[in-house]
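Novice: A single structure is presented below for examination.
The values are calculated or read from the model by the stated rules, or taken from the named source; none is laboratory data. All of these numbers come straight from a predicted model, not from anything done at the bench. Cβ coordinates were reconstructed from backbone atoms using ideal geometry, including for glycine residues, and neighbour counts include every protein chain displayed.
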């Protein structure tokens, strides 16, 4: 299905017209009326009008326009998006029809709860605001309930047909690992703790050096680095025991990274003076640069493959539903 340039122009014209019309009564735009009366497709006997397609596209168009570098690019992207949105609208109809043929039952109480959740979440429970929103869209509360029902049915049907194998063969896991080794590259990293001493007012480095010597003395006597950081450090991480988490060399300035990455796990540095500030570093743990072995990433690979198989199965199911449905495109 290919949208013509004239149809794209009509959609753009209608969106612009709808967004600039004032709240005062104005004569309907002829192009908008013409667009609204057009038929985009018929799916299982249900008509999708071009106006319905326009309303689906309208919230997305401003962002699409802002991201496009030219009018030509905007037109091309709107063409592609229009086709995708129309297909989604068709899929929603044919999936609901397939569910009804299958005898799928959704309790009314579930739809009522979804309706109440939308009212509470998106409109702060303000029914008047909600009804005003529906009127602006040309919808009724019954239309909205119908859309909720369709959305729930589509989600249920998709989940039911999202089949995947519970176990993936070792051969397939190994094949994926060999083809995607770069995905398991692990850069050199360090679990870093720091004690940072900064001068108060104009006291200079002398008292800081005395404090640093006291800290080193306590650490060498066996005190816990995190406890010492909470006691002495003057930065926002002090309450976390000076824990800066896992870092790579590029994450901190070279003078500190060189010192930090020269430490073995469990070692602390000597005091490092930089710009009137003293740093004492501690390597809580280290991770070497490497390609992680398959034994460490087997579960990750299996989850990826399970997801791929599930998506493939769902696509096959959706294509089967499409093949068994009557759909006619009018543009």
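Novice: Quick check: anything in the range 193-204 without any contact (Cβ under 8 Å) to a residue 40 or more places away in the chain, touching a strand residue (DSSP E or B) at 6+ places or on another chain (Cβ under 7 Å) and either in a helix (DSSP H, G or I) or not assigned by TED's automatic domain parsing to the domain that holds residue 95 (or both)?
Specialist: no
Novice: Let me ask you something else. Scan the range 47-62 and tell me whether some residue there is modelled with pLDDT of 85 or more and at positive phi.
Specialist: No; the residues of the range 47-62 include none that is modelled with pLDDT of 85 or more and at positive phi.
Novice: Would you check which residues across the range 42-74 are out of contact with any strand residue (DSSP E or B) (no Cβ under 8 Å at 6 or more places or on another chain), farther than 22 Å from residue 136 by Cα and surrounded by 17 or more Cβ atoms within 10 Å (Cβ to Cβ) and list them?
Specialist: 74
Novice: I've got another one for you. Can you confirm whether the range 132-151 contains a residue that is touching a helix residue (DSSP H, G or I) at 6+ places or on another chain (Cβ under 6 Å) and touching a residue at least 60 places away in the same chain (Cβ under 8 Å)?
Specialist: No, every residue in the range 132-151 fails to be touching a helix residue (DSSP H, G or I) at 6+ places or on another chain (Cβ under 6 Å) and touching a residue at least 60 places away in the same chain (Cβ under 8 Å).
Residues checked against (1) loosely packed, with under 15 Cβ neighbours inside 10 Å; (2) more than 36 Å from the chain's Cα centre (by Cα):
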{"position": "256", "(1), (2)": "no, no"}
{"position": "261", "(1), (2)": "no, no"}
{"position": "266", "(1), (2)": "yes, yes"}
{"position": "271", "(1), (2)": "no, yes"}
{"position": "276", "(1), (2)": "yes, yes"}
{"position": "279", "(1), (2)": "no, yes"}
{"position": "284", "(1), (2)": "no, no"}
{"position": "288", "(1), (2)": "yes, no"}
{"position": "294", "(1), (2)": "no, no"}
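Novice: Would it be correct to say that residue 54 is more than 24 Å from residue 39 (Cβ to Cβ) and part of a helix (DSSP H, G or I)?
Specialist: Details: more than 24 Å from residue 39 (Cβ to Cβ): no; part of a helix (DSSP H, G or I): yes.
Judged against the criteria, residue 54 is not a match.
Novice: Consider the range 38-57. How many of its residues are over 18 Å from residue 96 (Cα atoms) and touching a residue at least 60 places away in the same chain (Cβ under 8 Å)?
Specialist: Qualifying residue count, the range 38-57: 5.
Novice: Name the single residue, out of those in the range 75-95 being free of Cβ contacts under 8 Å to residues at least 60 places away in the same chain and in contact with a strand residue (DSSP E or B) (Cβ under 6 Å, 6 or more places away or on another chain), that is surrounded by the fewest Cβ atoms within 10 Å (Cβ to Cβ).
Specialist: Ranking the candidates gives 89 first.
Novice: Quick one: residue 101 ticks every box in (1) out of contact with any helix residue (DSSP H, G or I) (no Cβ under 6 Å at 6 or more places or on another chain); (2) surrounded by 11 or more Cβ atoms within 10 Å (Cβ to Cβ) except a single one, so which number is it?
Specialist: Among (1) out of contact with any helix residue (DSSP H, G or I) (no Cβ under 6 Å at 6 or more places or on another chain); (2) surrounded by 11 or more Cβ atoms within 10 Å (Cβ to Cβ), the lone unmet condition for residue 101 is (2).
Novice: Moving on. Restricting attention to the range 236-260, report how many residues are touching a helix residue (DSSP H, G or I) at 6+ places or on another chain (Cβ under 9 Å) and either closer than 23 Å to residue 276 by Cβ or not in a loop (DSSP other than H, G, I, E, B) (or both).
Specialist: Result for the range 236-260: 15.
Every residue, every condition in (1) part of a helix (DSSP H, G or I); (2) closer than 21 Å to residue 326 by Cβ; (3) modelled with pLDDT under 90, yes or no:
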position: 100; (1), (2), (3): yes, yes, yes
position: 125; (1), (2), (3): no, no, yes
position: 135; (1), (2), (3): yes, no, yes
position: 143; (1), (2), (3): yes, no, yes
position: 165; (1), (2), (3): no, no, yes
